[in-house]
Structures are given as C-alpha cells and as structure tokens.
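Let me begin by presenting the structure, written as structure tokens, before commenting on it.
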Amino acid sequence: MGKLTHASLTGTPVNFATNRLEIAVPKGNPAKVRSFADLAKPAVKTVVCAAAVPCGAATLTLEQLTGVTIRPVSEETAVTDVLGKVRSGEADAGLVYVTDIRASNGSVDGVTFPESTRAVNAYPISVLKRSDNPRLASAFVAFVLGSDAQSLLSADGFGAPH
Amino acid sequence: MTRLRATSGPVPRWVIAVAIVGGVFVLLPLAAMATRVNWGQFGALVSSPSSVAALLLSLRTSLAATALCFVLGVPMAVVVGRTRFAGQRILRSLVLLPLVLPPVVGGIALLYTFGRQGLLGSTLSILGVDIAFSTTAVVLAQTFVALPFLVLSLEGALRTAGTRYEEVAATLGARPTTVLWRVTLPLVLPAVLSGAVLSFARALGEFGATLTFAGSLQGVTRTLPLEIYLQRETDPDAAVALALVLVAVAVVVIGIAQRVADPLSLRRQGSL
Amino acid sequence: MSLSFSAALSARSLEVDLELAGGETVAILGPNGAGKSTTIGILAGLLRPDTGFATLDGRSLFDFRGGTHKWMPPHARNVSLLAQDPLLFPHLTVRENVAFGPRSAGVSRARAHATADHWLDEVEASSLAGRKPAELSGGEAQRVAVARALATDPRLLLLDEPMAALDVTVAPLVRRVLRRVLHGRTVVIVTHDILDALVLADRVIVLNEGRIVDAGPTREVLERPRSRFAADLAGLNLLLGTRTATGMVTHDGDQVAVTDGVAPIGARVAAVIRPTAMTVGGAGSVRFEGTITDLEPRGDLIRIRVGTIAADVTPSVVADLDLAPGHRVALTAEPRDVTMYSLD
C-alpha cells in the first residue's frame, strides 16, 4: 500500500482491520510454551517467518521491542510452512497471525501473549484513482468498513481498526 | 534395405523445424530471465552474505547427497541389474518413484519417516540424532530425489555391458566382491560418473522436499533454490541474479556429465 | 582320475559323462547346438545342471545326486576358461590382465606381475605387457588371454573354440603356442576344427544333440568314425549297417562288398570310403545309384554328392559326363577301398 500511495495512485487509505501475532503450538503444547519469552529457550524449537515476509517483519519488531532474542530452527517463506512444521510436531512453536491459527481448524493450538499488541499489522483499503468504476469501488470500501463486514472479519480473528 | 536407407538418410525438414521450436521453448525462458538481470548490481547481489551462504550450502549438501547416492545407489543398481528374483520389476519401479513424485510429496514422506514424530524419529532421538531442521535433513531430501538418477544410469550400463567379463573374472578365481571392484565398476565407470553428476545436478536444484522436510535457515538449511524463492518476496533483482548463477552451475554440471559419458563409452569393448 | 564329470541339463537336452586323466587334453567336437559350450559352462560353474556330479583332483565341483545339492562357485574351482573372444579387461594393461588371477588369489602385486611376465613370455607376448587391450590385434589378444588363463595355474583349463574368432593367418601361431603350453595340463577344448583336435588333443569326444556319439583317441575317431559328424570332419564317406557274408548291408539297403571282414555276421558295423576312391559309373562292385544333389569345388577336384555319399572327381570327368544336379548316376568303388569295422 505504501508503494501505491507513494505513487499517488490512491486516495487516503483507511485501515479496515488489524492482526497480531500469536504462538502456534502442536496439539497439547508438548513443549509447554506459555509466553513470548519461552520462545527464546534453547529447548524450544521455534519456527518463524523469514524477515522478508510480513509475519517475519512483525516478529523482528517484537523481538526488538521486547529484547527477547529467538533463535529459530527455521525461517519459513510462508505462514503455511510455519503452520505445517508446527502441525507435524517438528517444531514446538511457531509465530503466526491470530487469524492463521483461527483458520487452521483446530489443527494447532494457540498461545496468546500480551506483547503481541506492540506489533500490530494494519490492513488499509482505498479506491484506486484510476479505477474504471469508482462508484462501485467506493461502495465496496464502505461495505468493508461497515458493520456486516466488520463482524465477519472479527469472527475470523481480525482486530478492530484503530 | 530400403528401411535401412530411410533411417540412415537425411532427417525430414519438418522434424528439424519442430526440433528448433522445442529448443527455443527451453532456451527462450532462460534468455528472457537473463534480460532481467540487473548487471550493474550483479556482483553485489550474488556476493551478499546470504547469497554466498546459500551457494556454499548448496554445493556442500549436493556433494554429500551425491556421495550418499553413490554409496546407496551402486549396490541398488547392481542388485536390480545383476540378479533375478520375484518382484524385481516392482522393486525397480518403486526405486524410480522419486523421479515422478512431486518433491513436496517426497518431503512429506521424509517428514513422516525421519521427523520428530516420524517412524524412525523417536528411535533416532533416543540415539541423540536430531535430523529435523538440520543440514542432514537437506542432504536426505536431496538424496531421496537424486538417487534414481544414479541407479537408472548405472543399471542401464550394467545391462548393456553384460556379464561375460565378470564370468571370466570368476573363472580366474576372483571372489564376487573382487569382481565388483576390479571388473564390474571399472567397466561401467563412465555411467557411474555421469550418474553421479546427474544426481549432483538434481540435488543442487532440489527445492520442494527440502522446504517441506528441512525448513529454511541461512547457512543451515537454506540452499540456493530456497534463497531464490525467499528473495523473490523482497528483492526480485537478487532472485534473478541467483537464478542465473544456478543456471550457470547447472550448465557446467551437464557439460561435465556429457564429457565423462562420451569418450569413455563402452564402444571399445563392442569391437573386441 | 583327474576329472570325473556327469551331468544332465534338460533345458538344453544335455546328458554327458566325461573322464579325464591328469595331464590329458580332450577335444569336444560336434555341430552347433550339440551341447559343447553347455558342457564347458557347467564345468566352469557358470551353468547349473539338473543332476549329476563332478570331481576334480578329489574335490567335488558339484554334486546334485540324490538329495544332495553341493555347488562350488566358479571362483573357488581353480578352473580357467578361455573363450572364443579374449575378453581382456579393457581398463587394465596386458600385464595387469595376466596378473588378475594371481592378484585375486591374494598374491602380492610384485609376485603377480612376475608371474604375469613369465606367462607373457610363454605365449610370446612379452613386448605387449604395457599395452591396453584396445591396442592389440585379435591374435595378440588371444595369446594374452591364454597367458591370463594359465597364470592361475588351473587344475583344469577349458578352451571354448579358442581359434574360432581369429584370422586364418594368426591362428597357426596361437595353435602353436597352445600346443606348447597345454603340454602336461588337464584340458578340455571345444572346437569345430579338426586341426585343433589333431594338434592339441589326445582324445576326442563327439557330441550330437546333447549325447556323446563318438569317443576315443583322436586318430582312431578320425580313421574309424562312428558318427556322421566325425566322418565329415575326417572327410570320409560313412556307411552304417549290418555285417553280411560278403560285406555289409547299409541301413538304406545298399549291399557293399568288402575284402576284409572283422565282425561276425549280423553285427553292427560301419565302413568308410575316401571320396577320392569313388568314381562315376566305374566298374567297381560297390555301387550307390541315385540323383546328384550337389556339385562343389574342392581343391582341384569337384565333389559330387549323391545323398550322403560323396565322390571327388576331376573337372574333366564332370565335363565329359556332363554331370549336373538332377542327373542320375552311379558312384562306384572297389571293395578293397572300403574299410569296415565293428561298432559293437
């Protein structure tokens, strides 16, 4: 979005949802992970997203803010790969978004941690200036920001926009 | 006679035309990629710490996988190519399975075998061996996909070479092990070498099984293909530059394979 | 007895018994598919018979009699095989090829090479020691193969048509080398060449369709063949039949008068007549009437075939009598040219 606004291709973006990290653990949480700091323990095999992808960037931010240094056994390119490693029990913990754990249909357990609020991802929306159908686009933006869509997003685990 | 003349005569023009289309189909995408390389930055892109780490890891693991392919593949090829037993054809097909399986499937299968929760995983962890997320896992994944190349190449050569030299060696008092080392393997050496080179090439390009089974960590499990895949997210220039490096390595490897396979071929023995 | 061998292999319809004294060379002769190479293969341990046994110098090579199933693998037999093709290992030098057997027996490299050099000298190939097999001619390669086979000091040496793939110009040298190095060795040589049998073998065995049809000292088998194959090798007309008061009656019903008789009347007998002793339409009382099936040049003579009987006559006879396939003629001989002997 930054690139788009920078290039003046959109109007002012508005956030429509937020997301934060949560610790995914295999069913039953075998490594007894309770907190974000637990992920730094050498005995806990933690899988994170690579810094190049958004969930990895958020992880890095949290580490810097909290001073907790995770030594991951793997930095995956995609959230699904992190979840796969956790689901199969290869890893003891993985850092993914709340919504990813919600969408995993209970195949992994989630461990929430208070520090997650310090690195919140926001999802902006905006109509493209060169849209062929600006009215329809505006209507869609209004729908996404409206109560129906917001309750759907909330049900999937997204946080309210700030 | 007419048939002989037809096969040894000139190739029909339309066949040449289609062959050219096929060649272009293979080479054009590579050329297209080369046009996107940021040549000004090329040196810097391919010599960044993460790129160098990925390249070195790839070379290291591919060499290890090739060695493992040799250790496992030679006996497999000898058994498949030199013995007869019930179910041999089925076994032969199964050995070649990794050739046709999507690598991701291979990765999942390896996970359920050597992974922490896998078939052998608990036994291995009792022995203090932890394969998951280690360089060993990368080597296993590469070996799994590369092994059929060596087995296939060697088995074909063994069949072509026949057993006459081995029979003579036996009547000269050579035990089966001596025959294998001093006669069988030297006779099929070109095939062993070209099979090993092909295995190396396949190991070098391994992506799916590694990603699924070994993970991705710089210097440990993130091989060149995984690095390319990751760089694609943030730095397409770096990804393209690294891809070109991989292509170059592959071309060199294939060139070596053809060189070792050709001049030492079994032609000489045929003339005896 | 050095070698006792008895084997049957139903897949190749083979049933052969063989006894060899130590130091004896036996040639196995016979048409293609007679089972010669199969016999060699069983002796070498490359083929397994259904039943039978073999002992070599008191050691059992295999024993498939009764319930037993003893089998000595080829490498433990000390039986060397020299095939039609030299099959020198292409990746080894000539010296290394010859040293291969001793090396496999655990001899040190230096001693194995010394043995190799000795045998290369024996086969007149010392100058080839450093070469690769690809750099040898056919005759050179086969002599090296002989040296390689002998370098293991085999208890039994098997030669499977060793001269068959050689140029006629180099075969004599290889044959001469073989004659020298085989002296005093126990050898079985398979050949289709009568010369090999004469020069190299003490005895011959003639195989046909997997059975021994003729056996004995080489000279005797050639002079008094009991099989069509042996008679063809010796270049003789063979008559098989029964002794009568005046001579013999063949299985085809031809009466043949003979001057000297050896067997009692009614005994199974064979007789041979040299084709050069036969004439066309002559006065001899031994007569074979029939249609000419074939005319072929044979040296400076023409061979005329009437059924199984051959006559070698001069070209002028063929011209004078206007002989051609399809003509009816009588091939004749004098009784004194017929050599008859008992088969019982």
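The values are calculated or read from the model by the stated rules, or taken from the named source; none is laboratory data. Everything numeric here is computed off the predicted structure, so don't read it as measured data. A quick note on method: Cβ atoms are made from the backbone with ideal geometry, for glycine too, and the neighbour counts reach across all protein chains shown.
Out of all the residues in the stretch C:39-58, which are more than 14 Å from the chain's Cα centre (by Cα) and within 14 Å of another protein chain (Cβ to nearest Cβ)?
Taking the stretch C:39-58 first, the residues more than 14 Å from the chain's Cα centre (by Cα) are C:41-58.
Of everything in the stretch C:39-58, those that are more than 14 Å from the chain's Cα centre (by Cα) and within 14 Å of another protein chain (Cβ to nearest Cβ) turn out to be C:Gly41, C:Ile42, C:Leu43, C:Ala44, C:Gly45, C:Leu46, C:Leu47, C:Arg48, C:Leu56.
Do the conditions hold for C:Leu157, that is, is it within 13 Å of chain B (Cβ to nearest Cβ) and either closer than 22 Å to C:His91 by Cα or surrounded by fewer than 16 Cβ atoms within 10 Å (Cβ to Cβ) (or both)? Break it down into steps so the answer makes sense when it comes.
On the way: within 13 Å of chain B (Cβ to nearest Cβ): yes; either closer than 22 Å to C:His91 by Cα or surrounded by fewer than 16 Cβ atoms within 10 Å (Cβ to Cβ) (or both): no.
The answer is no for C:Leu157.
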Exactly one of these conditions fails for C:Leu195: (1) in the same structural domain as C:Gly23 (by TED's automatic domain parsing); (2) touching a helix residue (DSSP H, G or I) at 6+ places or on another chain (Cβ under 6 Å). Give me its number. (2)
Among the residues of the stretch A:42-52, write down those that are more than 12 Å from chain B (Cβ to nearest Cβ) and either part of a helix (DSSP H, G or I) or crowded, with 16+ Cβ neighbours inside 10 Å (or both). A:Val44
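Quick check on the stretch C:103-112: of everything there that is surrounded by fewer than 22 Cβ atoms within 10 Å (Cβ to Cβ) and either outside the structural domain of C:Pro133 (by TED's automatic domain parsing) or aliphatic (A, V, I, L, M) (or both), which residue is farthest from the chain's Cα centre (by Cα)? Please lay out each step first, then the result.
Kept after step one, since they are surrounded by fewer than 22 Cβ atoms within 10 Å (Cβ to Cβ), are these residues of the stretch C:103-112: C:104-111.
Now restrict to residues that are either outside the structural domain of C:Pro133 (by TED's automatic domain parsing) or aliphatic (A, V, I, L, M) (or both): C:105, C:107, C:110.
Values: C:Ala105: 32, C:Val107: 35, C:Ala110: 38 Å.
Checked the stretch C:103-112; the qualifying residue farthest from the chain's Cα centre (by Cα) is C:Ala110.
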Do we have any residue at all in the stretch C:130-148 that's assigned to a loop (DSSP other than H, G, I, E, B), more than 10 Å from chain B (Cβ to nearest Cβ) and surrounded by 22 or more Cβ atoms within 10 Å (Cβ to Cβ)? no
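Residues checked against (1) in a helix (DSSP H, G or I); (2) at negative phi; (3) buried (at least 19 other Cβ atoms within 10 Å of the Cβ); (4) among the charged types (D, E, K, R):
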residue	(1), (2), (3), (4)
C:Arg175	yes, yes, no, yes
C:Arg180	yes, yes, no, yes
C:Arg185	no, yes, no, yes
C:Ile189	no, yes, yes, no
C:Val199	yes, yes, no, no
C:Val204	no, yes, yes, no
C:Glu220	yes, yes, no, yes
Segments classed as strands (runs of 3 or more DSSP E), wholly inside the stretch C:281-344, with at least 2 members that are closer than 30 Å to C:Arg268 by Cβ: C:286-291, C:301-306, C:309-313, C:328-333, C:339-342
Going by the conditions given, is A:Ser126 more than 24 Å from B:Gln231 (Cβ to Cβ), over 12 Å from the mean Cα position of the chain (by Cα) and within 14 Å of chain B (Cβ to nearest Cβ)? no
Residues of the stretch B:107-116 classified as assigned to a helix (DSSP H, G or I) and free of Cβ contacts under 8 Å to residues at least 40 places away in the same chain, total: 3
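Let's see how each residue does on (1) over 20 Å from B:Phe133 (Cα atoms); (2) crowded, with 16+ Cβ neighbours inside 10 Å:
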site	(1), (2)
A:Pro13	yes, yes
A:Leu39	no, yes
A:Pro54	yes, no
A:Leu65	yes, no
A:Ile70	no, yes
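Any idea which residue in the stretch B:76-97 is farthest from the other protein chains (Cβ to nearest Cβ), counting only those that are surrounded by fewer than 18 Cβ atoms within 10 Å (Cβ to Cβ) and touching a Leu at 6+ places or on another chain (Cβ under 7 Å)?
Residues of the stretch B:76-97 that are surrounded by fewer than 18 Cβ atoms within 10 Å (Cβ to Cβ), as a first pass: B:79, B:82-94, B:96-97.
So of that shortlist, the ones also touching a Leu at 6+ places or on another chain (Cβ under 7 Å) come out as B:82, B:96.
On the way: B:Arg82: 14, B:Leu96: 27 Å.
Only one residue fits best here, namely B:Leu96.
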Hits in the stretch C:49-105 - residues which are of a type in the set (Ser, Thr, Tyr), under 19 Å from B:Leu172 (Cβ atoms) and in contact with a strand residue (DSSP E or B) (Cβ under 8 Å, 6 or more places away or on another chain): C:Ser80
Within the stretch B:199-215, of all residues that are part of a loop (DSSP other than H, G, I, E, B) and closer than 13 Å to B:Thr136 by Cα, the one nearest to the chain's Cα centre (by Cα) is B:Ala214
Selection over the stretch B:170-181 where residues are within 7 Å of chain C (Cβ to nearest Cβ) and either in a helix (DSSP H, G or I) or touching a Lys or Arg at 6+ places or on another chain (Cβ under 8 Å) (or both) yields a count of 5
From B:Gly215, B:Gly205, B:Gly162, B:Gly156, which residue is more than 20 Å from B:Thr66 (Cα to Cα) and more than 14 Å from chain A (Cβ to nearest Cβ)? B:Gly162
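Among what's in the stretch B:188-198 and is in a helix (DSSP H, G or I) and of a type in the set (A, V, I, L, M, F, W, C), pick the residue that is farthest from the other protein chains (Cβ to nearest Cβ).
Kept after step one, since they are in a helix (DSSP H, G or I), are these residues of the stretch B:188-198: B:189-198.
In the following step, the residues that additionally are of a type in the set (A, V, I, L, M, F, W, C) were identified as B:189, B:191-193, B:196-198.
Details: B:Leu189: 7, B:Ala191: 13, B:Val192: 12, B:Leu193: 13, B:Ala196: 18, B:Val197: 20, B:Leu198: 22 Å.
So the residue we want is B:Leu198.
C:Pro225 - would you say it is touching a helix residue (DSSP H, G or I) at 6+ places or on another chain (Cβ under 6 Å) and either part of a loop (DSSP other than H, G, I, E, B) or surrounded by fewer than 21 Cβ atoms within 10 Å (Cβ to Cβ) (or both)? Lay out the reasoning, then the answer.
On the way: touching a helix residue (DSSP H, G or I) at 6+ places or on another chain (Cβ under 6 Å): yes; either part of a loop (DSSP other than H, G, I, E, B) or surrounded by fewer than 21 Cβ atoms within 10 Å (Cβ to Cβ) (or both): yes.
In short, yes.
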Out of (1) away from every other protein chain (no Cβ under 11 Å); (2) within 24 Å of B:Tyr229 (Cβ to Cβ), the odd one out for A:Asn29 is which? (2)
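Regarding B:Val100, is this residue within 14 Å of chain A (Cβ to nearest Cβ) and under 26 Å from the mean Cα position of the chain (by Cα)?
Details: within 14 Å of chain A (Cβ to nearest Cβ): no; under 26 Å from the mean Cα position of the chain (by Cα): yes.
No.
Consider A:Cys55 carefully, then state whether it is in contact with a strand residue (DSSP E or B) (Cβ under 7 Å, 6 or more places away or on another chain), modelled with pLDDT under 90 and not aliphatic (A, V, I, L, M). Break it down into steps so the answer makes sense when it comes.
Working: in contact with a strand residue (DSSP E or B) (Cβ under 7 Å, 6 or more places away or on another chain): yes; modelled with pLDDT under 90: yes; not aliphatic (A, V, I, L, M): yes.
For A:Cys55, the condition - in contact with a strand residue (DSSP E or B) (Cβ under 7 Å, 6 or more places away or on another chain), modelled with pLDDT under 90 and not aliphatic (A, V, I, L, M) - is met.
Just one of C:Val269, C:Val262 is in the same structural domain as C:Ala283 (by TED's automatic domain parsing), surrounded by fewer than 18 Cβ atoms within 10 Å (Cβ to Cβ), over 28 Å from C:Phe5 (Cβ atoms) and hydrophobic (A, V, I, L, M, F, W, C); which is it? Before you say what the answer is, go through the steps one by one.
Numbers: C:Val269 fails: surrounded by fewer than 18 Cβ atoms within 10 Å (Cβ to Cβ).
Unique residue meeting the criteria: C:Val262.
Residues that are out of contact with any Leu (no Cβ under 9 Å at 6 or more places or on another chain): list the strands (runs of 3 or more DSSP E) wholly contained in the stretch A:67-162 that include at least 1 such residues. Write out each step before concluding.
Numbers: elements: A:74-76, A:93-97, A:108-111, A:121-125.
It comes to A:108-111, A:121-125.
Just give me the residues in the stretch B:220-248 being more than 11 Å from chain A (Cβ to nearest Cβ) and closer than 25 Å to B:Gly115 by Cα, in sequence order. Quick ask: steps written out before the conclusion?
Initially, the stretch B:220-248 is screened for residues more than 11 Å from chain A (Cβ to nearest Cβ), giving B:223-225, B:236-237, B:240-248.
B:Thr223, B:Leu224, B:Pro225, listed by residue number.
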Subset tally (residues that are farther than 23 Å from C:Thr250 by Cβ, without any contact (Cβ under 8 Å) to a residue 24 or more places away in the chain and surrounded by 11 or more Cβ atoms within 10 Å (Cβ to Cβ)) for the stretch C:297-319: 5
Selection from the stretch C:79-102 of residues that are more than 7 Å from chain B (Cβ to nearest Cβ) and either surrounded by fewer than 23 Cβ atoms within 10 Å (Cβ to Cβ) or at pLDDT 95 or above (or both): C:Gln84, C:Leu88, C:Leu92, C:Thr93, C:Val94, C:Arg95, C:Glu96, C:Asn97, C:Val98, C:Ala99, C:Pro102
